[in-house]
Amino acid sequence: MTVIKLKSYLLKPTHLAPLAVFRMAFGILMLASVIRFMVKGWVHTMYIQPKVFFPFYGFEWIKPLDATGMYLVFALLAIAALLIALGLFYRISATLFFLLFTYVELIDKTNYLNHYYFISIISFLLIFLPAHRYFSLDVRLNKNLKATTAPNYFVLVIKFQVFIVYFFAGLAKINSDWLLHALPLRIWLPAHSEMPVIGSFVTKTWVAYAFSWFGCVYDLVIPFFLFNPRFIKITYLFVIVFHLATSLFFNIGMFPYIMISLTTIFFSQNFHMQIIQRLRSILKMPETEQASFYVPSFFALKSLRVLFTVHFVIQVIVPFRYLLYPGNLYWTEQGYRFSWRVMLMEKAGTAFFYVHDKTSGGQIEVDNKTYLSYMQEKMMATQPDMMIDYAKFLKAEFTKQGLKDPVITAQSFVTLNGSGSREFIDPTVDLSRQSNSFLQNKTWVKNF
Amino acid sequence: MTRRNIVGILGLFFTLLFFSDCKKKKTEKEETDESFDKSAMLVNYADKIILPNFQSFQSVVDSLVVAFNGFAQQKNTASLNALRKKYISAYLKFQRVAAFEYGPSESENVRTNFNTFPVNINQVNSNINSGNYDLGTVDNIAAKGFPAIDYLLFGENLTDSSIVAQFSTDPSAARRITYLDACITEMQSKINIVVAAWSNGYKTTFVNSTGSQIGSSLGLMINQLNFEIDLLKNSKIGIPLGKKSLGLKLPEKCEAFYANKISVALAKECLLNIENIYLGRSTPDTDGLGIDDYLQHLGAMHGSVSLNEAIKNQFTAALTKLNLVDEPLSSSINSQAAAVDAAYLELVKLLVLLKTDAPSALGVIITYQDGDGD
């Protein structure tokens, strides 16, 4: 009974207007983001200037290109984003965008942001969605592509993904630091005491608590409300207020605007058809709507079912992988990434690396600035897997300089959510011999 | 499954999730809800510390110029020693402005232009011999400023009279005196620009930038404080001590190596300046609003003591250990290796507190990159 119900829910025809609007919004936002990224000079500071990169485990073969190559990648990203917005050569441009964007993100985990992970996932999903079959240049070039409706799941996958982002972000906030101590907001908010009007509020402890609890409840509840057409307007108002507030207080770039724009997919199809009608009248491209239902081929249907199922199973499991490791998740960060854990900790550290020469018995204290960018050093000092990567780099570097099989140790002091700095790792361990394998618990990270 | 069941299961799940994490009780901090007067703090920094320090550095540079003119007119050991004295007091005073490398100082690149050491003596000598140089180029960064003056006024194992001879009777004497003049004049003109810019406008900019955002005055100050403690720990002490060279001592890397009697004093001045900035202290007994008061106001902790207490104690510890190191540092790194090492270790601890704990508690943002939001 429920299976049949579910099946009909997933397969029932739904209008493609929401997906078309989503496609345009995503393309335009990505175009803006890529241009912003280049204008800020980040291509240079993040991918050209650094001497060392921190690739993800299993992706060590991913390397940055030279300056021309990297700028070419970003130029192609901008073009692909524009083509996605226009719906021109859609499958190719979506695939290109996904591959290039993910490539860039895999180069250096220093720059890992949940937002970027979200963009990678959305662009991956978009490859398989018929977002170009309605109100696109592809349709104008090839009338056969055109469809007005498609099975509901094509729109649902996006909605599910948004649901997961919010809900898991909310789950991650259910912890004592966030709810009982209002940390780290209690540290971050008072820093804005100079702001007009709200400045005098942000220093109040109750405000930090209110923000923490509201944020947690918001993340847990909003995805359910988004699915309810009756409350969509008021829900969306909350979405706007919430994200604008975060953009006011925190340094989070385009993400608030991305979420505000992309959650419009939860609006009714009439809402989206009106948008497209308006665009048509602006662009003077009147078109009579001829209903046609896009049905994927039997083979496509089967493979998409497997693909989306596997994708969402992974999405649900991955955030819980931290349970496999002992210790405080925020401290060890084992299983921290790819879990929609955002804004949860104020963590900072200083790490001193030592290269020991067996022959002379002497040691060299490494000047991290010689090899790492400010951001890389900052991130490395609090993330054990990056410390291993750096130690391995140092070993290779100093071997090249003539030391024989040097031992690399580090002394690191980290403060977490106002704890005050304390020793982070065992200072006697040769980090260059440690592994970043997921199967290995990093026992050399001290207990919090 | 009814809706009520689902709600029940979710409720249970959230509760479990919550309690799975509740292990330790934290000691609650003492905080006040009032906002801290950042503006008054910045006014204190600008009016009582930064600008006065720049002005007093400016005046010692002026008397350095006077002493140079005296030496240029009458080249003898007496005028040489008078000049050396002014050089030493200027170098010591410089330590009191080196950490203000933002705004005008940043545009004039004061720290790099005035004090890139060790000096590149080959570059200095080739400049003097050719008589053809532009001190503004990158090649000459380690061939000017205090380190070059240090080399020119003291030389390598030379008697006072042979130094005087280098400037008076040597074939390159005229070019040498011109070079010394160029080094001193460059400093004078740069510090004049900086003081003028601070008095005419930048002070207002500095005081009004009360945020904790990127490029805010507090962010700049903290960032430079970190840079300065890093320099103190590494360049002034660690490198000569052999921390970067497998324990091999490198006396020639000491600051003011040729004067060979003020390296420890310079390090102490540097440390005192860092402490003054931290405390918002202008003279030993005038302690105004500073980072210490802000941290205290925020109730930042370090273990069981307040972070401010921990930092103040660490300043004392570092200064105590540094006081046990004798001049010249170039010999102490060998003869008193343990004492220098002890001072170094205290500086490391101080660096951790200033670089990790303080910015984290203050919520200042130093990087321009986007962070992870919600």
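Observations
- Of note, A:LEU323 does not satisfy the criterion of being within 14 Å of another protein chain (Cβ to nearest Cβ) and either part of a loop (DSSP other than H, G, I, E, B) or surrounded by 17 or more Cβ atoms within 10 Å (Cβ to Cβ) (or both).
- Options A:PHE211, A:PHE255: the member that is of a type in the set (Phe, Trp, Tyr) and under 26 Å from A:ARG36 (Cβ atoms): A:PHE255
- In this structure, B:ASP150 does not qualify as more than 20 Å from B:GLU252 (Cα to Cα), outside the structural domain of B:ILE262 (by TED's automatic domain parsing) and either at pLDDT 95 or above or exposed (fewer than 14 other Cβ atoms within 10 Å of the Cβ) (or both).
- Taken over segment A:201-216, the criterion of being over 17 Å from A:PHE250 (Cα atoms) and within 11 Å of another protein chain (Cβ to nearest Cβ) is satisfied by A:LYS204, A:THR205, A:TRP206.
- The condition of being in contact (Cβ under 8 Å) with a residue 60 or more places away in the chain and either part of a helix (DSSP H, G or I) or on the phi < 0 side of the Ramachandran plot (or both) holds for only one of A:PHE211, A:PHE238, A:PHE231, A:PHE163, that being A:PHE163.
- Residue among B:SER245, B:SER282, B:SER235 that alone is closer than 30 Å to B:GLY363 by Cβ and not in a helix (DSSP H, G or I): B:SER282
- For segment A:233-252, the tally of residues that are farther than 21 Å from A:VAL202 by Cα and either surrounded by fewer than 19 Cβ atoms within 10 Å (Cβ to Cβ) or within 9 Å of another protein chain (Cβ to nearest Cβ) (or both) stands at 4.
- Cβ separations smaller than 7 Å between residues 6+ apart or across chains give the following pairs from segment A:107-130 residues that are more than 14 Å from chain B (Cβ to nearest Cβ) to residues that are assigned to a loop (DSSP other than H, G, I, E, B) and of a type in the set (Val, Ile, Thr): A:ILE107/A:ILE62.
- A:THR288 being facing chain B (nearest Cβ under 10 Å), over 26 Å from the mean Cα position of the chain (by Cα) and not in a strand (DSSP E or B): no
- Screening the candidates A:PRO50, A:PRO55 for the property of being in contact (Cβ under 8 Å) with a residue 40 or more places away in the chain, out of contact with any strand residue (DSSP E or B) (no Cβ under 6 Å at 6 or more places or on another chain) and within 14 Å of chain B (Cβ to nearest Cβ) yields one hit, A:PRO50.
- The requirement of being touching a residue at least 40 places away in the same chain (Cβ under 8 Å), within 11 Å of another protein chain (Cβ to nearest Cβ) and β-branched (Val, Ile, Thr) is fulfilled nowhere in segment B:326-335; no residue meets it.
- Condition check for B:ASN226: surrounded by fewer than 21 Cβ atoms within 10 Å (Cβ to Cβ), within 14 Å of chain A (Cβ to nearest Cβ) and more than 28 Å from A:ASP357 (Cα to Cα): yes
- Some residue of segment B:344-363 being more than 12 Å from every other protein chain (Cβ to nearest Cβ), assigned to a loop (DSSP other than H, G, I, E, B) and without any contact (Cβ under 8 Å) to a residue 40 or more places away in the chain: no
- A:SER200 meets the stated requirement of being of a type in the set (Gly, Ala, Ser), out of contact with any strand residue (DSSP E or B) (no Cβ under 8 Å at 6 or more places or on another chain) and at pLDDT below 95.
- Across segment A:184-198, the number of residues qualifying as more than 21 Å from B:SER360 (Cβ to Cβ) and facing chain B (nearest Cβ under 7 Å) comes to 0.
- Against the test of being out of contact with any helix residue (DSSP H, G or I) (no Cβ under 6 Å at 6 or more places or on another chain) and hydroxyl-bearing (Ser, Thr, Tyr), the options B:SER330, B:SER282, B:SER360 yield a single qualifying residue, B:SER360.
The values are calculated or read from the model by the stated rules, or taken from the named source; none is laboratory data. The model shown is predicted, which means the values in this text are computed figures rather than measured ones. Counting neighbours? That spans all protein chains shown, and the Cβs are built from the backbone with ideal geometry, glycine included.
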